[in-house]
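Worksheet: the structure to be examined is printed underneath.
Quick note: the coordinates plus some simple rules give every number you see, no bench work behind them. Predicted model only: the values in this text are computed from it and were never measured. Cβ placement follows ideal geometry from the backbone for every residue including glycine, while neighbour counts extend to all protein chains displayed.
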C-alpha cells in the first residue's frame, strides 16, 4: 500500500511540474521572476487576463494533482502505519486545497489565496512529518525541505524576495515540497 501511495504522489506531482513548465512556455511573455505561479491561470493586476491554453493546462493539472495526492493519502492510511496518520491528514488537506486553487483561480480573489496558503503550509508540514515514516538520509532531507518552504513562506509574507522577484520567491516555497513528494516514491520503492 505504501508503494502505491508513493507512486501516486510521484505521478501527481510529476505531471504538475511538467504542466507548469508547459503552461509557462505557452503564456506570452511569462517571467518566472515577475509572475506568480497562479498567473498561469489568470493574471490579475487591476484587470484580469486569461491566456489559453495556459489557463486550462494549469487548472486541470491542479485537479489531477489533487486527485492523486488525496488517493496517495488514502493508500498511506490503508497501510495502517500508525506513525503516518498526521501525514495522511496533511496530504488530504493539501490535495483538497490544491483542487481549491484549480477551481477558484486568481480571478476569485481572496478565496484563491486562502487555498494556496493551505497547500503551502500543509505540504511543508507533510514533508517535515514524513521523517516519522522514512529512513536516513531521506528523513533529514525531508525535514530540511519542509523547513526551507516554511522559511520562504514567512519571507514571502514580509515581501522579502531576496532578489528573486515575487514569482521566483514563490517557487522557493513550492518546489522544495514538490521535490520532497517526488523523492518519497523513490524511498518507498527502494526501502519497503
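A few notes on this one:
- Springs between Cα atoms under 10 Å define the GNM used for the chain, and in it the highest mean-square fluctuation of 135, 171, 45 occurs at 45.
- In degrees, nearest ten, helix 165-191 long axis to first principal axis of the chain (Cα): 20 degrees
- Candidate values (i) -0.51, -1.21; (ii) -0.38, -1.18; (iii) -0.57, -1.21, label of the one derived for log10 I(q)/I(0) by the Debye sum over Cα atoms at q = 0.10, 0.18 Å⁻¹: (ii)
- Least to most buried among 116, 79 (fewest other Cβ within 10 Å first): 79, 116
- Neighbour counting of Cβ atoms within 10 Å sorts the residues 76, 161, fewest neighbours leading, into 161, 76.
- Relative to the longest principal axis of the Cα atoms of the chain, helix 54-78 runs at roughly 20 degrees.
- Normalised by the number of residues in the chain, the mean separation of alpha-carbon contacts (under 8 Å, six or more apart) gives a relative contact order of 27 percent.
- Helix-only CD estimate at 222 nm, as mean residue ellipticity for the chain, using -39500 (n - 2.57) per DSSP H run (n ≥ 4): -25000 deg cm²/dmol
- If R0 equals 35 Å, the separation of the Cβ atoms of residue 136 and residue 110 corresponds to a calculated FRET efficiency of about 0.25.
- Counting other Cβ atoms within 10 Å as a rough exposure proxy, the listed residues 147, 178, 162, 26 run 162, 147, 26, 178 from fewest neighbours to most.
- Protection proxy ranking, peptides 61-70, 148-157, average beta carbon neighbours within 10 Å, highest first: 61-70, 148-157
- The long axis of helix 2-26 is offset from the longest Cα principal axis of the chain by roughly 20 degrees.
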